[in-house]
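The structure under discussion appears below in the form of structure tokens.
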Amino acid sequence: MSALQRLFGFHGGVKPAYHKEASTTAPIAVAPTPTRLVIPLHQSIGGPPRPLVKPGERVLKGQRIGSADGNVSSAVHASTSGTVVAVEMCLMPHTSGLSALCVVIEPDGRDEWIALQAFDYRAATPTQTRDYLRDAGVVGLGGAVFPTYLKLNAGKQGKLETLVLNGAECEPFITCDDVLMRERADAILRGAVIMREMLAAGQVLVGIEDNKPEAVAAMEAAARAVNAASGDDAIRVVAVPTRYPAGGAKQLIRVLTGIEVPHGERSTDYGVQCFNVGTAYAIHEAIELGQPLISRIVTVAGNVGHARNYQVLFGTPMKDLIALCAPLPDSDRVIMGGPMMGFLMPADQVPVVKATNCVLVGSKKLFPPPPPEMPCIRCGECAKVCPADLQPFEMYWFSRARIFGKAQEYNLFDCIECGCCAYVCPSRIPLVDYYRFAKSEIWTREVEKEAADEARERYEFRLLREEREKQEKAAKLAAKTAAGREKAAAAVAEAQKPAVTPEEDAKKALIAAALERVKTQKELVHPENTVDLTPEQQAEVAAIEARRAEIREMAKPHLRQDD
Amino acid sequence: MLEALLVMALGAIVLGAALGYAAVRFRVEGDPLVEKIDAILPQTQCGQCGFPGCKPYAQAIAKGEAEINQCPPGGEEGIHKLADLLGREFKPLSAEHGIEKPKSVALINEQTCIGCTLCIQACPVDAIVGAAKQMHTVVASQCTGCELCLPPCPVDCITMEPLAESVETWKWKYPVVRLHPVQKETA
Amino acid sequence: MNNSPYFLQPASVQSVMLRVLLALLPGIAIYVWFFGAAVLVQIALASVTALAAEAAMLKARGKPLLMFLGDGSALVTAWLIALTFPPIAPWWLTVIGVLTAIVIAKHLYGGLGQNPFNPAMVAFALMIVAYPSLMSQWPAVGFTDFLPQWNAIFGTRQLDAITMATPLDALRTALHTADARATVAGVLGNDATFGNIGGKGWEWVAAGYFLGGIYLLQQRIITWHMPAAFLATLFLISGGFALYDPTRFVGPSFHLFTGGAMLGAFFIVTDPVSGCTTPRGKLIFAAGIALLTWVIRTFGAYPDGIAFAVLLMNIAAPLIDMYTQPPVFGHKNKRGGPP
Ligand code: SF4
Ligand code: SF4
Ligand code: SF4
């Protein structure tokens, strides 16, 4: 089958040491349920889901605990049955070391499912199926965690030429897709068949790097069976050359179809769509078994004695997982993802989430601290390996100098942060760090600018409104007091200095009257909740007032005197 | 000698004419200066600069009536941008106008609020909603953090809450240049 | 702790520079064979001066000494100066040249990676303007006695016995001085057999550099673009003019194998810092140097034109780069323009 497929290349790429053997010798094992599950509500790209449970509530395995909020969002479910002990801020598996809202569940050990029911997608409209998948929490499991239901939309033409299944898995150490394909090829392809129907895709290409012959064989066998059943030879398994980052969605699409999907455009508009094999498996589970996404395969590798793949419930602390693999004593860090694109975890107790394809244990020996950074010598090595055909050193130069506009002109946002450039740079410049920095700066600025623009608009609108109200009031007032004012003006003009114009004087009189009114009002008005107070309350209020007065006194020198 | 001088002079004249022509012909019909300055100002509308809003301050800067270092919310970065735009010298933020604070939003203590509407009137961007004698609430996403609603509140129920960094708003830091051990002695 | 990628290829500026030095060795060996060991003295002299100047400048600029001193870039500059200067140039000429390169052309412009001009070529250009005669005296081929050469460098210069003009220089003087009646054949002799293509000895040195260049290509330190564009352009233009008038214009085999052409093609033009970086930019950049080199060699007043040609193109490099940006992924149907 694979022989028929014409392959295209992609520019650049590198061949780091793969380190994949260690974790593929043993089959997938089910990781034990931990004593506490910390399930972050926000696990996918898009808006954070709203919590649906309260502390003390009992939840069942697969029960929705966070519902999708907004257009781009995806639901979250309890990974096992138990009691919600808290809905609180917990440390996230994120480099920032910041916390976010999590549902903490104490498992009861019964592992009791909700009532499971397969979803008949053939009887449902595509929108219904998409809503179902959104509520089943299915997101891309390749690491980008983009809600899958949003990608299952055939786009303008209503049909698709090619559905690409991504089993390339190019990052060193990571083998979760590899073992999944070896062991559950049928289920993956069942998911693929569903996706193919939803997208009305002509063919399905499964791209697998040629360093995984077992996975290729397993998938080919499964594909033969599916093709025989459907009789149209639509699913083809293609071994692609092993070169990092062949598993990048855009790179794989290019290798298999020759199509380059530009940054920021939808690949469906180019007639292709790409899903990770794990996602296909999750779709099979959600639709044919009725099980929402509550676990995934995670590779535990790196500085451990027994690297292996585990089926892990979301919310399981990485620490527990690592403990299963005999970590070596010199381990000094936990990385989520692979060594090329992975993220450093702030601590090892952070939970496994939907994005966790690999828990990589690091040490100084395995990942030595990078040598000191030298100036860029413009050798062009980075441009040679950049799979996005960028000029990394130019982007680096401008990001470093904080000239973000220029960095953007050199297509900074086309960078997929694959790390190839930093991998080859002879000056050992942490290039990707500079891009991450520049990108987040630019994003923040855009957000700030939008906020400022909105504030400006609202302020201008308010000025307009005030102006209008003033005019209306003035007109009314003028009508009312026209006669009286004339009289007063005449009197003043006679009695006082001619320097004061009648209008001014009238104004003064008005202001004085207003001030008088305000004064009396101030005396009259009591805040609602300060009437009918008990003596104690009154005493308390008095004390508070005294404190406030004190604070106001203290604050005075700092405050600008407006009037 | 004379010839050379003539050639040079001729060259100068031709080039000058070309430049002059280009300046007229290709003049950028850009935003007026006030707009450009206003685009840099943070639109907090707090009045700390001594003007009743960002636009008036922008106008004052454009007319040369105000210094560029009077806007505390804009901070040093804002002053740098203004200095770049106007070709003026950077000055540190003038202390009499305030200090740069972390961005915060107003929070009304809903237990204490008496519904007097005074803060609604004070808010320059209409970010407070509520009706007379009803509890008021700040629409956090629209609040600019100008603090103008604090003084009018008769029961002092409004506090400024600094905006906490979240996973979504977290920014990657500028990469630290990794120093070689030997440099430590000299540094 | 650093961020991803956690794996780095074991590459360093140092290893790049050391391999460049290694690639120069065959050329140097042949050089010594034909022109004597004086060039080794020059290399040593230039290296010591360069390291000292580099160290002083690093110290003055508060940079970590060991890290940068070890990067080898100063040595590459030094060797290139030693190889482009006449081997019997007086010691102070080399020293001044190296100081110019390291202090002015490199560090005053910001040090490693920042210099807009090729430091070695700045030194060569300045020295040839300041000391044109000293810069054109080369040891006669075959006159490899070390002592007189040593004396020429460090002591009394009794030169006539041991020097001669380079073939390039001789040709230029003969062909293009005001009332020249000479022809190419007359100057070079008719026997264009191998051994006298670029002037006796020169073509062998050039072949040595070529060998080193192949090594650099194989090591992927340089790409094919620059050497190919440089040599092809030089070949075409000199060939074209030689066809047009073989008595006045010397042919491509001479141009390619004489003077600094081969050294230039693989070691000087390819300097990454001051050159172009985009593939198309590299082609244009190197072709431009070849063109200017030929013009200066043929009509100019200096014996070899590579230095000036390189410097002129260095100025244009950022602009060329800007206009030759390769299209990025997904934008291939659109032409790369100025970003
Ligand atoms: S690989 Fe490093 S040194 Fe070379 S051009 Fe790129 S950033 Fe500069
Ligand atoms: S990290 Fe970005 S710039 Fe670097 S090689 Fe990858 S895509 Fe290119
Ligand atoms: S001080 Fe306040 S009102 Fe003045 S420009 Fe700055 S944000 Fe606007």
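Charge tally for A:ASP120 (other residues, Cβ to Cβ under 13 Å; Lys, Arg +1; Asp, Glu -1): -1. Among beta bridges from DSSP that stay inside the protein assembly as shown, the antiparallel ones total about 65%.
Relative to its Kirkwood radius, the Cα radius of gyration of the stretch B:59-143 gives an Rg/Rh of 1.15. Counting only other chain Cβ atoms within 10 Å of each residue's Cβ, the peptide C:320-329 averages 5. Here the sum of -39500 (n - 2.57) over DSSP H runs of 4 or more residues, divided by the residues of the protein assembly as shown, equals -13500 deg cm²/dmol at 222 nm, to the nearest 500. Judged by the mean number of other Cβ atoms found within 10 Å, the most tightly packed of the peptides B:113-122, A:378-387 leads the ranking A:378-387, B:113-122.
With protein chains left intact and a 1.4 Å probe, residues in the stretch C:12-164 average 38 Å² of accessible area per residue. The residues neighbouring C:ILE214, those whose beta-carbon lies less than 15 Å from its own, together hold a net charge of +2 under the Lys/Arg +1, Asp/Glu -1 convention. Size estimate for chain B follows the Kirkwood approach: the inverse of mean 1/r over distinct Cα pairs works out to 20.9 Å.
Length gained on full extension, A:ARG110 to A:GLU460: 119.9 nm, using 0.36 nm per residue less the C-alpha separation.
Can you send over the carbon and sulfur percentage of the accessible area for the protein assembly as shown, probe radius 1.4 Å, protein chains only?
On the way: 31090 of 51110 Å².
The value for the protein assembly as shown is 61 percent carbon and sulfur by accessible area.
Between C:HIS331 and A:ASP120, the distance separating the two model label sites (each 7 Å from Cα on the Cα→Cβ line) works out to 5.1 nm.
Return the FRET efficiency for the residue pair A:GLU409, A:ARG266: r is the Cβ-Cβ distance, R0 is 22 Å, and the value is rounded to the nearest 0.05. Once rounded, the FRET efficiency stands at 0.40. For the stretch A:374-481, the pair-distance distribution built from all alpha carbon pairs, in bins 5 Å wide starting at 0, is 2, 12, 17, 15, 9, 6, 5, 5, 5, 4, 4, 4, 4, 3, 2, 2, 1 percent. Dipole check for the stretch A:1-57: with +1 at the C-beta of Lys and Arg, -1 at the C-beta of Asp and Glu, and the Cα centre as origin, the magnitude is about 120 Debye.
With both residues required to sit in the stretch A:2-360, DSSP beta bridges show an antiparallel share near 60%. At q = 0.04, 0.08 Å⁻¹, work out log10 I(q)/I(0) for the protein assembly as shown with the Debye formula, treating every Cα as an identical point scatterer and leaving solvent out; two decimals please. Once normalised to I(0) and log-transformed, intensities are -0.33, -1.04. For the pair B and A, the buried accessible area comes to roughly 3600 Å² in total, with a 1.4 Å probe and the value rounded to the nearest 100. Taken along the Cα-to-beta-carbon direction at a fixed 7 Å, the label points for C:LEU211 and A:LYS476 span 10.2 nm.
Measuring only protein heavy atoms, the 1.4 Å probe finds A:ASP332 accessible over about 50 Å². Rg and Dmax of the stretch C:12-164, both derived from C-alpha coordinates alone, stand at 15.6, 48 Å. The calculated FRET efficiency for the pair A:ALA221 and A:GLN5, based on their C-beta separation and a Förster distance of 22 Å, comes to about 0.80. For GluC sites (Glu not before Pro), the sites in the stretch B:60-143 that DSSP calls loop and that have at most 11 other Cβ atoms within 10 Å are B:GLU65, B:GLU89, B:GLU110. Taking every Cα-Cα distance in the stretch B:32-97 and sorting them into 5 Å bins starting at zero, the pair-distance distribution P(r) comes out as 4, 22, 34, 31, 9, 1 percent. Peptide A:376-385 is shielded by partner chain Cβ atoms: per residue, an average of 6 of them sit within 10 Å of its Cβ. Computed extension length for A:GLU486-A:ALA86: 136.8 nm, one decimal, from 0.36 nm per residue of separation with the Cα-Cα distance subtracted. Each listed q (0.09 Å⁻¹) maps to a log10 I(q)/I(0) for chain A from the Debye sum over equal C-alpha point scatterers, namely -0.77. Using every alpha carbon pair in the stretch B:102-164, what percent of pairs falls into each 10 Å bin from 0 up to the bin containing the largest distance? Reading the bins upward from 0: 26, 60, 13, 0.
Projecting the Cα atoms of B:THR44, C:LEU134, A:LEU293 onto the dipole axis of the protein assembly as shown, where Lys and Arg carry +1 and Asp and Glu carry -1 at the beta carbon, places C:LEU134 farthest toward the positive end.
Charging the Cβ of each Asp and Glu at -1 and of each Lys and Arg at +1, and nothing else, the dipole of the protein assembly as shown about its Cα centre rounds to 1400 debye. Using Cα pairs under 8 angstrom and six or more residues apart, how large is the relative contact order of chain A, in percent? Over chain A, the number comes to 15 percent. Given R₀ = 25 Å, what would the calculated FRET efficiency be for B:LYS101 paired with B:LYS63, taking r from the Cβ atoms and rounding to 0.05? So, using R0 = 25 Å, E works out to roughly 0.35.
Identify unpaired cysteines across chain A, taking unpaired to mean no other cysteine Cβ lies under 4.7 Å from the residue's Cβ. Cysteines lacking a close Cβ partner in chain A: A:CYS170, A:CYS176, A:CYS274, A:CYS325, A:CYS358, A:CYS376, A:CYS379, A:CYS386, A:CYS415, A:CYS418, A:CYS420, A:CYS425.
The order of the peptides C:286-299, B:144-157 by mean Cβ neighbours within 10 Å, most packed first, is C:286-299, B:144-157.
Per-residue mean of foreign Cβ neighbours for A:448-456 is 6 (Cβ atoms of other chains, 10 Å radius). For chain C, a Kirkwood radius taken over Cα pairs fed into Stokes-Einstein (10 °C, viscosity 1.306 mPa s) yields D = 76 µm²/s.
Over all Cα atoms in the stretch A:349-397, the spread is summed up by Rg and Dmax: 16.5, 42 Å. In this simple spin-label model, placing a label point 7 Å from the Cα along the Cα-to-Cβ direction at both A:ASP69 and A:ASP186 gives a separation of 4.2 nm.
The values are calculated or read from the model by the stated rules, or taken from the named source; none is laboratory data. Values in this document were obtained by computation on a predicted structure and should not be read as measured data. Don't worry about glycine lacking a Cβ; one is built from the backbone with ideal geometry, like all the others, and counts go over all protein chains shown. Please note that ligands, DNA and RNA were not included when accessible areas were found on the heavy atoms of the full protein model with its side chains. Shrake-Rupley method; radii C 1.70, N 1.55, O 1.52, S 1.80 Å.
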